[in-house]
Structures are given as C-alpha cells and as structure tokens.
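Since the structure comes first, as structure tokens, the remarks are kept for the end.
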Amino acid sequence: MCGIVGYTGPNPALSRVIEGLRRLEYRGYDSAGVALATKVGEKLVVEKKAGKLANLEGTLTSDYSNAHGGIGHTRWATHGGPTDVNAHPHLDESGKLAVIHNGIIENYIELKEELERRGHKFKSETDTESVAHLLSEEFKISGDLATAMRSVCSRLRGSFTLLAIHSDRPDLIVGARRNSPLVVGVGTGENFLASDVSAFISHTKRALELGQDQVVQVTPEKVVVTDLSGAAITPKEYEITWDAKAAERGGFKHFMLKEIFEQPKAVADTLLGRFPSSDSIELKELENLALDCNRILILACGTAYHAGLIGKYAIEEWVQIPVDVELASEFRYRKPVLTSKTLVITISQSGETMDTLMALRHAESLGAQTLSICNTIGSTIPRESDAVLYTHAGPEIAVASTKALLTQVVVLHLVALYIANRSGSLSKSRIKELISELLELPNKIEEILETVEPLREMTRGYKDSNSVLFLGRHVGFPAALEGALKLKELAYMHAEGFAGGELKHGPIALIDKGTPVIAILPPASSEIAEKMRSNIQEVRARGANVIAIADPSHNLDIPNLIRIPECEELLQPLLSIVPLQVFAYEMAVARGNDVDQPRNLAKSVTVE
Ligand code: F6R
C-alpha cells in the first residue's frame, strides 16, 4: 500500500519519479505527489493532488528539468482523508525537507503532541507529518539527513518505509524501512529507491535488498546502508529476471485481462524444471527443511488464502497428513498449538502483506518450520522464512489477483507430490499420472481462454443483477469463494460463495426469481457430481438463473453452460476459476468500474 519512489542522478528527476509512480499506482491511488530539489538550499518544489496520478500530472506546469533529485508518492489513505493537504510529500516548516511514507506510525499522536508543545504547526491529519518535523529537529542537530533518519526511526512505533530529501543536499535521498517494503535500484551514474522493482525496471535490473530497521543513503554514485546504530551493512544484490515489457499492458485494455491471458505461461513457467523425469519431482529449495512433519498449516489472506484452501484437498489426499488453512489476520491473534513438526506454509504474491508477515513471525516464535510461496523475489516474507518456493507468474500489476492464484495452487501441488514421492504415500504410477495432468494444464487453460467471447457476452446480460451466488462442493467450494471475491472487488456487487451441501442450511433463502447462481460441477465421475446436480435442480426450482461450469463428461440441459476441459478432479479449480475471473472482469467493465484500480483497494496490503 502506497507507492514510493526516489531518484538521484543526471536525468530530470521529475520524469523518472513520475514514470516510477505510474508503475506503482496499483499500490494506492487516493492521491499522488512529488518533491523536487531544484536549487541548493532553497525551498523544495512540492506538487501534490488528491485522486489518481493523472490528476497530478494534469496540474504540473513545468518539467523542472533542473531538479536531479526527487521523491514521489502514490497514496492509499490511512490517517486523514484523500485530500490535497493530506497527500504526500509532507514538509518541515522550512520547506527544505520533505518526507514520504508507506505504513502506519502507531505513536504519531504522542509525537505530534510533543512536537506541538515545542511549537511545531501541523498542516495535515496524517501520521507522516510528525516524521517531517522530527527529522527537521534532528537535522538541525547533526546536519546529516541519514543520522537524523536513524535517530527518528528509533523513536517510531509501527511500520514504515520512509524517504526524505533536503535541499541542502539535493543529490541525496535517504530511506528507511521497518515491516514495509523498500528496494534500491542500482543504475549507472543514477540510483533509485522504490517500494518495488517495477518502478525502475526500465532503467536497471540490479537491485539491493534492504532488511528490517535499515537506513539507506543514495547519491548518483553511491549506496550506503546502515542499521539504526549507524553500523555499516552490506546489502544482498539480486538481478531482476523480468523486463519492463512484462510490467506493461501490451495491447490489452487492462492489466487484469493481460494477466488472465498470461496464465498458461505463468503455470508453465512455474512447472518448468520441476520434473527431472516423468515420475519424479525436484524441489531443491526444500532440501534443508525437515519434511517429517505431522501437520501442515497454511496461512494467507484473500485470494492467496483461497489458493491454500484449494491446495489442502490435494495435500491431504496425496500426502495423508492433516492440513489446516487459516486467515493470517486471525491466526496472529490466537494462541495456537504448533510444534517443530508443524510445517507452516505462508502464501503471498507480494511477499509484503502485513497480516501474513506477522502470522509468519508468530508461527516462527512458536517453533514451527516455515516455507513461503511467493511471487516477489527478495520480499520480506520469503526472506524471513526457512525456505521459499517462488511462483513464476511474472509481475502482477492488476489489483485483483489472477495468475498469482493459479501458480500458488500449482506450487502447493508440487509440494504435495514432492512429499508424497519421498514418503511413498503415492505410487510411482500415480505420481506419473499426476505430473502428466499438471503438464497439460497450460494447454487446457489456453483452450478456455480461446473460447471466452460467448462468456463475456453472456456476462453483460447480468450487469444489473443485485447479487450473484457461487456454488461448489469439495475443491469446487474454494473455487466458488474465489469467484465471489473477484466479483465483489471488481464489480462492487453482492456475491457469495457457498458449499453446495450448505444450501439447505440457510443460503437457499436468498434464491429468488432470476437470481444468478454460478455452479461449478466436478467431473461426472466424482462421488459428489450427483449431489451437485441436485443442488442445481434445487435452486432452479426456486427460480435461480443457473450458469454452470462443467467439463464434457456432463450432459446438461442448462442454457448457460460454460465448458472447461476434462482434468483430474483435484486440479479442476485451476480451470474452473479462469471463467470466473473473466466473468468478474467483464462485469466490472460492463458496470463502468475501473478494473485495474477498484475503489478502496490497493495491491500489497502492507498495513494491518
Ligand atoms: C484479491 C487479492 C487479495 C490478495 C491478498 C493477499 O484479488 O488480490 O485478496 O490476494 O491481499 O495478497 P498477497 O498474495 O500479496 O499476500
């Protein structure tokens, strides 16, 4: 949440910063702003505006080409509404020091009161402004922005990524982080600081990881990292494996549509190199984990939580050990019973979701071994886990998660097969069969995507519905939950996913004449296929307008039938969720919503 960029180098800072903000706007779009050092020792130029980045761009009257150091922010509001005044950057009273922030300063009220007692005047309602005033005081004492940042950070509680600039040193940007993301982009004669690498990917592929409670100073030629005591730290460097094109729309109307269509490749890339032979699985990353666990606990949020729910069915069936899946935000406030034989798997596309990070730390403090499934190299959650398996979905920019989910489920399947192979809980021939099924997935997803046009047209016919219900059983139930989540967040419609068997226990009362119900059928050979067909009859008898998702093993007399290819029942969500994503996408477009930037949301929820 909130996108942050800092630039220092020979090029005009404004264009570099705005380009970075454009790529980070998925993190928040309540307001945007920049601070630029145009003249040594003079007031900074600050431009900020409520609303999307385009609003800010529309008001810029100069390109400030004489500014070579600058910082920029795109906001997801927490403290203080989305107004011009609350937009970042925030300034000290001299107007020479500016700060941008992602996160929440939990002790900002006491800091503000203390600062007001010393005569500071506040302009905004944000927690961030306290940092600007504190930094200003400390800068007056030491005359050094990094020293000032270190002492201010020691006083802050909560989570933050902070960037600061002072016009006395226009080529210097100072950053700090605790529980919020910040990476350094190392260019040639220019350097960047940003919430994630997409902000600078078109200028450099070299990045440095920053750890907890570290302060970084960047000038065009140098990057210096220290801890809060000032001790030097050597940050880990890594190379970004994708290029700028991957973070662009590439001819698609929205990032989400592009990412839906990237799913065959994302799944294929995630499977790549994992099968040295037709009946064996290689996951070198797990070699240092003791896999004699007697329980698996999966922790995640939102769509990643649904990936965990889907994976549970396969792990339990193939590995024969109990799996629990829990919302990270709930887990972290419980006193759960974990042992060293519990393997905790966290799932996170961004690797920065605060609730998941805190749940991971909670699990670690209770002695569990931890494995993370993540899409973002170098992010905090994998760095703090005992082992990591990266999904290879490429950058996911749209706020609504699509390709990340499919690849997360695939990785859970790989983990299950890997453990089953070692423990012997599955026969070699069954493993071979399942590997072959997994390898066929990219083509099957492609097949669905080639035939989505009728589904898109049909979706538009439901645009004025008040509510859509999703029904599934067994592994189709979490798929139904995911379908409902996508529709809620994109179409702003009431949507709920139910387990077919639960219908009669309450939800069937919601069915009225014409209520759209999307029903996901398992393969006809499944023991629950008949039950699901009965559920469809039950809702139809009460007037529901059923849309069925089924493979060709079913002969169904339903006008709205969406066909998916046949596959192993446990893998079916990897196919059935694709039309649900398209349904939500098209509904959002039909209702005139902003698909890539749905209201009130932001990608990467780095606050609690
Ligand atoms: C929904 C969505 C969110 C995320 C959730 C976890 O489309 O994108 O529900 O899945 O916020 O995010 P990560 O995976 O980054 O931890």
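The values are calculated or read from the model by the stated rules, or taken from the named source; none is laboratory data. Computed from a predicted model, the values in this text were never measured in an experiment. Counting neighbours? That spans all protein chains shown, and the Cβs are built from the backbone with ideal geometry, glycine included. Quick note on the areas: whole protein, heavy atoms, side chains included, nothing else; ligands and nucleic acids left out. Shrake-Rupley method; radii C 1.70, N 1.55, O 1.52, S 1.80 Å.
Determine whether GLU530 is charged (D, E, K, R) and assigned to a helix (DSSP H, G or I). Let's see the steps before the verdict.
Details: charged (D, E, K, R): yes; assigned to a helix (DSSP H, G or I): yes.
Here the answer is yes, as GLU530 does meet what is asked.
Across region 292-315, what is the total count of residues that are more than 27 Å from the chain's Cα centre (by Cα) and surrounded by fewer than 17 Cβ atoms within 10 Å (Cβ to Cβ)? Lay out the reasoning, then the answer.
Taking region 292-315 as the starting set, the residues that turn out to be more than 27 Å from the chain's Cα centre (by Cα) are 292-294.
Checking which are surrounded by fewer than 17 Cβ atoms within 10 Å (Cβ to Cβ) leaves us with 292, 294.
Adding up the residues that qualify gives 2.
For region 313-366, name all the residues that are of a type in the set (S, T, N, Q) and away from the ligand (no atom under 14 Å from the Cβ). So that I can check it myself, show each step before the final result.
Going residue by residue through region 313-366, those that are of a type in the set (S, T, N, Q) are 320, 329, 339-340, 342, 346, 348-350, 353, 356, 365.
Within region 313-366, GLN320, THR339, SER340, THR342, SER365 meet the criteria.
Look at ALA50 and say whether it is closer than 30 Å to ILE109 by Cα and either touching a residue at least 60 places away in the same chain (Cβ under 8 Å) or in contact with a helix residue (DSSP H, G or I) (Cβ under 8 Å, 6 or more places away or on another chain) (or both).
Working: closer than 30 Å to ILE109 by Cα: yes; either touching a residue at least 60 places away in the same chain (Cβ under 8 Å) or in contact with a helix residue (DSSP H, G or I) (Cβ under 8 Å, 6 or more places away or on another chain) (or both): no.
When the stated conditions are applied, ALA50 does not pass them.
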Only one of (1) in contact (Cβ under 8 Å) with a residue 12 or more places away in the chain; (2) in a helix (DSSP H, G or I) does not apply to HIS554, and that is (2)
Flagged in region 527-557 as among the acidic types (Asp, Glu) and open to solvent by less than 10 Å² (accessible area, probe 1.4 Å), in numbering order, are ASP551
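Search region 107-141 for residues being of a type in the set (A, V, I, L, M) and free of Cβ contacts under 8 Å to residues at least 24 places away in the same chain, and hand back the single one that is farthest from LEU156 (Cα to Cα). Don't jump to the end; show me each part of the working.
Of region 107-141, the ones of a type in the set (A, V, I, L, M) are 109, 111, 115, 131-132, 134-135, 141.
Filter once more, so that each one left must be free of Cβ contacts under 8 Å to residues at least 24 places away in the same chain: 109, 115, 134, 141.
Working: ILE109: 11, LEU115: 14, LEU134: 10, ILE141: 18 Å.
Once the filter is applied, the top-ranked residue is ILE141.
So that you can scan it fast, the table gives a plain yes or no per residue for (1) out of contact with any Pro (no Cβ under 9 Å at 6 or more places or on another chain); (2) of a type in the set (D, E, K, R); (3) closer than 16 Å to GLU586 by Cα:
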site	(1), (2), (3)
SER465	no, no, yes
PHE477	yes, no, no
LEU485	yes, no, yes
LYS488	yes, yes, yes
MET493	yes, no, yes
GLU496	no, yes, no
Residues of region 166-215 being within 26 Å of SER94 (Cα to Cα), surrounded by fewer than 24 Cβ atoms within 10 Å (Cβ to Cβ) and of a type in the set (D, E, K, R), in sequence order, are ASP168, ARG169, ASP171
Restricting attention to region 356-389, the residues that are closer than 20 Å to LEU485 by Cα and surrounded by fewer than 23 Cβ atoms within 10 Å (Cβ to Cβ) number exactly 0
request  = Answer yes if at least one residue in region 209-216 is more than 24 Å from CYS567 (Cβ to Cβ) and within 16 Å of the ligand (Cβ to nearest atom), and no otherwise.
outcome  = no
Checked region 481-505 for anything without any contact (Cβ under 8 Å) to a residue 60 or more places away in the chain, crowded, with 20+ Cβ neighbours inside 10 Å and within 27 Å of the chain's Cα centre (by Cα); matches are ALA484, ALA495, GLY497, PHE498
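Per-residue answers, yes or no, for (1) farther than 14 Å from GLU259 by Cβ; (2) in the same structural domain as MET358 (by TED's automatic domain parsing); (3) more than 16 Å from the ligand (Cβ to nearest atom):
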| residue | (1), (2), (3) |
| --- | --- |
| GLU569 | yes, no, yes |
| SER576 | yes, no, yes |
| LEU580 | yes, no, no |
| ALA584 | no, no, no |
| GLY592 | yes, no, yes |
| ASP596 | no, no, no |
| LEU601 | yes, no, no |
| SER604 | yes, no, no |
PHE331 vs (1) open to solvent by 30 Å² or more (accessible area, probe 1.4 Å); (2) in contact with a helix residue (DSSP H, G or I) (Cβ under 6 Å, 6 or more places away or on another chain): all pass except (1)
Checked pairs for region 353-364, first among the small types (Gly, Ala, Ser), second away from the ligand (no atom under 15 Å from the Cβ) and part of a loop (DSSP other than H, G, I, E, B), C-beta under 7 Å and 6 or more apart or across chains, list as ALA363/LEU338
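Can you find a residue in region 514-522 that is within 16 Å of the ligand (Cβ to nearest atom), open to solvent by less than 20 Å² (accessible area, probe 1.4 Å) and aliphatic (A, V, I, L, M)? Full working, then the answer.
The first filter runs over region 514-522 and keeps only residues within 16 Å of the ligand (Cβ to nearest atom), leaving none.
Checking region 514-522: not a single residue is within 16 Å of the ligand (Cβ to nearest atom), open to solvent by less than 20 Å² (accessible area, probe 1.4 Å) and aliphatic (A, V, I, L, M).
Any idea which residue in region 367-378 is farthest from the ligand (Cβ to nearest atom), counting only those that are of a type outside the set (Gly, Ala, Ser) and part of a loop (DSSP other than H, G, I, E, B)? Lay out the reasoning, then the answer.
Keep residues of region 367-378 that are of a type outside the set (Gly, Ala, Ser), which gives 369-371, 373-377.
With the extra rule that they be part of a loop (DSSP other than H, G, I, E, B), the set shrinks to 375-377.
Numbers: ASN375: 8, THR376: 8, ILE377: 14 Å.
Selected residue: ILE377.
Enumerate the helices (runs of 4 or more DSSP H) found wholly within region 253-338, keeping only those where 1 or more residues are farther than 22 Å from GLY476 by Cβ, in contact (Cβ under 8 Å) with a residue 12 or more places away in the chain and not assigned by TED's automatic domain parsing to the domain that holds LEU571. Full working, then the answer.
Values: elements: 255-261, 263-271, 302-319, 328-331.
Of the helices (runs of 4 or more DSSP H) lying wholly inside region 253-338, those with at least 1 residues that are farther than 22 Å from GLY476 by Cβ, in contact (Cβ under 8 Å) with a residue 12 or more places away in the chain and not assigned by TED's automatic domain parsing to the domain that holds LEU571 span 255-261, 263-271, 328-331.
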Exactly one of GLU566, GLU608 is closer than 25 Å to GLU437 by Cα and open to solvent by 50 Å² or more (accessible area, probe 1.4 Å), and that residue is GLU566
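A quick yes/no check of all residues on (1) crowded, with 24+ Cβ neighbours inside 10 Å; (2) within 29 Å of GLU326 (Cα to Cα); (3) of a type in the set (A, V, I, L, M, F, W, C); (4) within 16 Å of the ligand (Cβ to nearest atom):
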site: THR391; (1), (2), (3), (4): yes, yes, no, yes
site: ALA404; (1), (2), (3), (4): yes, yes, yes, yes
site: LEU412; (1), (2), (3), (4): yes, yes, yes, yes
site: LYS428; (1), (2), (3), (4): no, no, no, no
site: GLU433; (1), (2), (3), (4): no, no, no, no
site: MET458; (1), (2), (3), (4): no, no, yes, no
site: ASN466; (1), (2), (3), (4): no, no, no, no
site: PRO478; (1), (2), (3), (4): yes, yes, no, yes
